[in-house]
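The values are calculated or read from the model by the stated rules, or taken from the named source; none is laboratory data. None of these values were measured; they are calculated from a predicted model. Every residue, glycine among them, receives a Cβ derived from its backbone with ideal geometry; neighbour counts consider all protein chains shown. Surface accessibility is based on the protein's heavy atoms, side chains included, excluding ligands, DNA and RNA. Shrake-Rupley method; radii C 1.70, N 1.55, O 1.52, S 1.80 Å.
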Amino acid sequence: MQSFELQDRRAAEIRIRGVVQGVGFRPAVCRMARARGLGGWVRNDASGVHLEIEGPPEALDDFLAVLPVEAPVAARIEAFEVRPVAPRGRTRFEVVASAPGPGHAAVPADRGPCDRCLAEIEDPSNRRHRHPFVNCTDCGPRYTLVEALPYDRERTTMRDFAMCAACRAEYEDPADRRFHAEPVACPACGPRLALTLGERRLTDDAALEAAIALLREGAIVAVKGVGGYTLAVDATDPEAVARLRARKRRPHKPLAVLVADVDQARRIAVVNSAHAELLRSPARPIVLLPSRGVVAPEVAPGLGEIGVFLPPSPLQHLLVRHGPPVQVATSGNEEGQPIVIGEDDPTPLAHLADAVLSHDRVIRARADDSVLRPIGGAVTPLRRARGYVPDAIELPHGLEGPVVLAVGGQIKNTVCLAAGGRAVLSAHVGDLGRPASLAAFEAAIGHLQRLTGLTPEVVACDAHPDYASTRWAWRRALPVIEVQHHHAHVVACLAEHRHSGPVVGVAFDGTGYGEDGSLWGGEFLLADVAGYERLGHLRSLQLLGGAAAVRQPWRTALAALLDAGEPLDLLPPHLPCEPLCRLHAHRLGVPAHGAGRWYDAVAALCGVRLEVTYEGQAAAELEAIARPGGTPYPFELTGNTPFEVDLRPTIRALADDRRRGVGPEIVAARFHETLAWVVREGCRRVGARTVALTGGCFQNRRLTERTAALLQEDGVRVLVHRVVPPGDGGLALGQAVVATARCAGRS
Ligand code: ZN
Ligand code: ZN
Ligand code: FE
């Protein structure tokens with residue numbers, strides 16, 4: 001029985017779940033309670049925010065009404081439970097110590113510096129003037145410095161910094177915007193900068209000054225950012241950019257550029273108001289935007305777009321505000337290796353950079369910069385990491401099962417933990433073929449487990465026997481569920497739309513292991529969250545010479561010409577075609593259905609790219625040169641289930657165009673249009689009503705927009721990626737969902 005000794009008072013216990021920690025939720029609750037004369041307490045626990053509150057009934061009702069409305073901007077309330085309890089006569093309202101324990105609390109993602117903090121570091125009278133670690137409850141690092149839940153200073157890498165009296169006063173004052181801002185610091189008590197330049201070592205403001213001066217002189221400076229080191233260099237200095245490329249062994253892959261604000265972004269790229277919002281958003285993503293050609297062409301050779309972002313940290317803000325106004329900022333690593341987060345990492349930053357600007361706040365978890373591309377009036381993530389990780393993804397309704405750890409693919413690896421109808425995808429890990437990557441992969445898994453308090457019961461992986469992730473999965477003493485590569489792509493797309501299927505999934509990518517042991521990647525699958533049927537596929541091309549065929553698109557062009565019975569006159573005479581022709585005649589090449597391989601063939605036939613230095617380069621450059629419009633080339637759908645899309649007529653017509661001197665920009669346009677029509681005709685043939693477009697090829701804006709437009713003309717509902725990448729970075733989500741569905745008996 002409730003006690004009514006205290007007249008005219010009522011009390012309630014409230015539990016709130018969602019993104020409610022590290023976003024200023026407790027201070028907001030405290031302010032709202034005190035403003036209404038209510039007593040009680042609020043704390044974080046492992047499942048979210050927990051409070052007890054009491055006072056006059058009207059005041060309590062008013063509090064309950066405003067709480068969801070006046071919650072901090074960065075919060076996302078997913079569940080809100082209120083239960084009446086007995087009042088105890090409390091009149092003061094306080095934030096109390098957190099209750100630790102395992103649970104499903106959503107840890108917030110890292111947030112770029114807010115306007116108020118930036119104003120403080122530019123204000124000479126402020127005690128945080130030029131302080132590179134400024135933050136408040138609205139901004140600052142979160143995910144990358146949390147060690148365990150609940151999210152409190154003593155479970156972050158700020159634990160080692162004892163707050164000075166001034167910072168503590170802010171931290172403990174509910175009216176202050178730094179009330180319980182866990183990483184709060186100032187020049188007197190916070191982390192310290194250090195610049196290493198050969199034998200010299202500078203600290204604090206001298207380090208900052210020296211770094212700015214070095215950048216102005218065209219030096220490459222490694223800068224410790226939010227989720228790892230970045231390499232910074234003046235983006236308007238072609239010689240400096242070339243030096244960075246040579247050291248990083250990255251000859252062509254585009255580099256992102258950092259600018260101080262949206263006005264600067266507009267000088268180098270075409271930025272509409274939606275893109276400006278995105279650039280300014282707390283995640284501070286890299287956004288691919290049409291280039292104005294102001295930066296050195298070496299920054300993004302062969303491409304019409306440039307990746308632009310605003311400073312994710314106050315330190316980077318200071319560097320770009322006071323140093324060169326447009327700076328290349330690329331992950332601090334050798335190409336393909338995981339981003340370096342500490343001085344003890346195997347990749348020697350000293351070999352990459354002329355100087356290293358570091359500090360003593362430890363990065364607990366890697367998070368590369370996230371990359372988004374505007375496609376079809378919205379944005380598609382190409383890399384999902386800092387600013388978005390570890391935001392949970394709600395699974396299709398009712399889809400619950402055991403705790404699943406999905407370990408992703410081989411390149412662009414990410415991992416995923418799913419339980420209780422939600423999934424958390426890790427930051428980008430990288431290419432697991434590289435030596436240092438396995439340690440980063442295991443670190444990502446460990447961090448996810450710590451943040452969720454979950455212990456995996458089932459492991460999901462790709463069906464490719466040689467992926468490092470697959471081999472790792474089979475070494476666990478846990479049940480393993482293998483998920484076909486393109487099925488995982490389709491289900492990743494379904495999951496982010498909270499759709500269980502069945503749909504027709506069109507998965508176009510480079511290569512993935514097919515159930516018949518051949519390489520798939522031009523797939524039409526009838527798929528739901530548990531299973532699939534292969535409805536159709538692109539005709540295969542022979543990969544001649546194994547991995548060399550992926551690095552040298554001319555080999556695939558050769559295979560396409562031979563397959564179509566065309567003469568080889570379109571290939572430059574210096575190429576060693578003869579031995580490959582024999583391989584082809586004896587069918588010794590590996591059959592590959594990947595749409596990416598057809599892109600390779602066409603890029604080589606257009607003279608755009610005979611060899612590539614990064615994955616997807618041929619397709620990206622072909623897209624970049626394509627003129628608007630264009631009519632599709634002919635193709636045929638043959639066979640029943642699975643049907644085959646015969647692209648030999650395409651190659652014949654395209655070769656004809658080239659021989660007649662039709663320009664590559666027109667051929668490229670016609671080829672994009674052809675693939676869009678291929679998808680339309682394939683989907684018409686199987687009577688598709690809902691189609692999911694997925695796989696790395698749907699990073700291509702031209703292909704995605706044209707395909708979606710044609711399908712929509714047919715009244716088809718089109719699902720495209722908006723939350724996770726269409727490429728292999730999204731694979732782990734699909735694997736986790738398929739494994740969950742199979743465990744739940746949804747087959
Ligand atoms: Zn702030
Ligand atoms: Zn301080
Ligand atoms: Fe793939």
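Before anything else, pin down the relative contact order of the range 305-413: Cα pairs under 8 Å, at least 6 apart, normalised by residue count, whole percent.
Values: 63 pairs, mean separation 14.6, N = 109.
Relative contact order here is 13 percent.
Give me the dipole magnitude in Debye, nearest 20, for the range 50-197 about the Cα centre, with unit charges on the beta carbon: positive for Lys and Arg, negative for Asp and Glu.
On the way: 18 positive and 24 negative charges, 116 e Å.
Around 560 debye, computed over the range 50-197.
I want the antiparallel fraction of DSSP beta bridges within the chain, as a percent rounded to 5. Before the final figure, lay out each step's value.
On the way: 85 of 114 bridges.
Bridges in the chain that DSSP calls antiparallel: roughly 75 percent.
Using only alpha carbon positions, build the gyration tensor of the range 294-368, then give the equivalent ellipsoid semi-axes as the square roots of 5 times its eigenvalues, largest first, whole angstrom.
Working: eigenvalues 107, 58, 30 Å².
Ellipsoid half-lengths, sorted descending, are 23, 17, 12 Å.
Which GluC sites (Glu not before Pro) from the range 93-183 combine a DSSP loop assignment with at most 15 other Cβ atoms within 10 Å?
Working: sites: Glu94, Glu120, Glu122, Glu147, Glu154, Glu170, Glu172; in loops: Glu122, Glu147.
Sites meeting the loop and neighbour criteria: Glu122.
Would you tally the net charge around Asp368, using a Cβ to Cβ cut-off of less than 11 Å, leaving Asp368 out, and scoring K and R as +1, D and E as -1?
On the way: positive: Arg366, Arg383, Arg384, Arg386, Lys412; negative: Asp369.
Combined, the nearby Lys, Arg, Asp and Glu give +4.
Largest first, what is the accessible-area ranking of Asp431, Asp646 with a 1.4 Å probe?
Numbers: Asp431 45, Asp646 10 Å².
So, going from the largest accessible area down, we get Asp431, Asp646.
Along Cα→Cβ, 7 Å out, is where each label goes; now give me the distance between the ones at Asp115 and Ala213 in nm to one decimal.
3.5 nm
I'd like the accessible area for His574, computed on protein heavy atoms only with a 1.4 Å probe and all protein chains in place. Round to 10 Å², please.
Accessible surface of His574 is approximately 140 Å².
Could you tell me the accessible area of Leu303 in Å² (1.4 Å probe, neighbours in place), rounded to the nearest ten?
Result for Leu303: roughly 50 Å² accessible.
Near the amide H of Val326, under 5 Å away, which other amide H atoms are found, from residues 5 or more places off or on another chain, if H is placed in the peptide plane?
For Val326, the qualifying residues are Ala235.
Between the range 237-253 and the range 497-565, what is the C-alpha centre distance in whole Å?
Each part reduced to its Cα centre gives a spacing of 33 Å.
Given 37 °C and 0.692 mPa s, compute D for the chain with the Stokes-Einstein relation, Rh being the Kirkwood radius over Cα pairs; round to the nearest whole µm²/s.
Working: Rh = 27.3 Å.
The calculation lands on 120 µm²/s.
Per residue, how much accessible area does the chain have with a 1.4 Å probe, in Å²? Write out the running numbers ahead of the final one.
Working: 26930 Å² over 747 residues.
Ligands and nucleic acids excluded, the figure is 36 Å² per residue.
Sorting Ile411, Ile121 by accessible area (1.4 Å probe), largest first, what list results? Don't skip to the end; give the middle numbers.
Numbers: Ile411 55, Ile121 0 Å².
Correct descending sequence by accessible area is Ile411, Ile121.
In whole Hz, what ³J(HN,Hα) sequence does the range 201-211 give by Karplus (6.51, -1.76, 1.60; θ = phi - 60°), x for Gly and Pro?
Here the 3J(HN,Hα) series is 9, 10, 10, 6, 5, 5, 5, 4, 4, 5, 4 Hz.
For the range 159-221, just say rounded, prolate or oblate: build the C-alpha gyration tensor, square-root its eigenvalues into a ≥ b ≥ c, call rounded for a/c under 1.5, and beyond that prolate if a/b exceeds b/c, oblate if not. Mind dumping the intermediate values first?
Working: a/c = 3.88, a/b = 2.66, b/c = 1.46.
Because a/c hits 1.5 or more and a/b exceeds b/c, the range 159-221 counts as prolate.
Could you derive backbone 3J(HN,Hα) for the range 478-491 from the dihedral phi with the Karplus parameters 6.51, -1.76 and 1.60 (θ = phi - 60°), listing whole Hz in sequence and x where the residue is Gly or Pro?
In residue order, the calculated couplings are 9, x, 10, 10, 8, 10, 4, 3, 7, 4, 4, 4, 4, 6 Hz.
Rounded if a/c is under 1.5, else prolate if a/b is larger than b/c, else oblate: which is the range 95-245, with a ≥ b ≥ c the root eigenvalues of its Cα gyration tensor?
On the way: a/c = 2.29, a/b = 1.71, b/c = 1.34.
Prolate is the answer for the range 95-245, as a/c is 1.5 or above and a/b outweighs b/c.
Which is the longest stretch in the chain that no exposed loop site breaks, taking sites as chymotrypsin sites (Phe, Trp or Tyr not before Pro) with a DSSP loop state and at most 16 other Cβ atoms within 10 Å? Before the final figure, lay out each step's value.
Working: sites that count: Phe4, Tyr614.
Between the exposed loop sites, the longest stretch runs 5-613.
Let me check the size of the range 1-153 from its C-alpha atoms; what are the radius of gyration and Dmax in Å?
17.4, 60
Share of the chain's accessible area from carbon and sulfur, percent, 1.4 Å? Can you show the working numbers first?
Details: 13880 of 26930 Å².
The computed percentage sits at 52.
How large is the helix-only mean residue ellipticity at 222 nm for the chain, computed as the sum of -39500 (n - 2.57) over DSSP H runs with n ≥ 4, divided by its residue count, in deg cm²/dmol to the nearest 500?
Numbers: 22 runs with 228 residues, N = 747.
Computed ellipticity for the chain at 222 nm equals -9000 deg cm²/dmol.
Taking +1 at the Cβ of each Lys and Arg and -1 at the Cβ of each Asp and Glu, which of Pro435, His486, Gly408 sits farthest along the dipole of the range 403-531 towards its positive end, judged by Cα position relative to the Cα centre?
Checked the options; the winner is Pro435.
So what's the gap between the Cα centers of the range 327-392 and the range 145-200, to the nearest angstrom?
Between the Cα centre of the range 327-392 and that of the range 145-200, the gap is 22 Å.
For the range 68-157, max minus min Cα coordinate along each principal axis, in Å, sorted largest first?
52, 31, 25
Remind me, relative contact order of the range 136-238 in percent, using alpha carbon pairs under 8 angstrom and six or more residues apart?
Relative contact order comes out at 18 percent.
Which distance in Å, rounded to a whole number, links the C-alpha centroids of the range 638-703 and the range 11-36?
54 Å
So who's got an amide H within less than 5 Å of the one on His359, skipping anything under 5 residues away but keeping other chains? H placed 1.01 Å off N, in plane.
Excluding prolines and chain starts, which carry no amide H, the hits are Ala194.
Compute the projected area of the convex hull of the Cα atoms of the range 496-621, averaged over all viewing directions, and report it in nm² to one decimal place. Mind dumping the intermediate values first?
Working: hull surface 34.8 nm².
The orientation-averaged projected area of the Cα hull of the range 496-621 comes to 8.7 nm².
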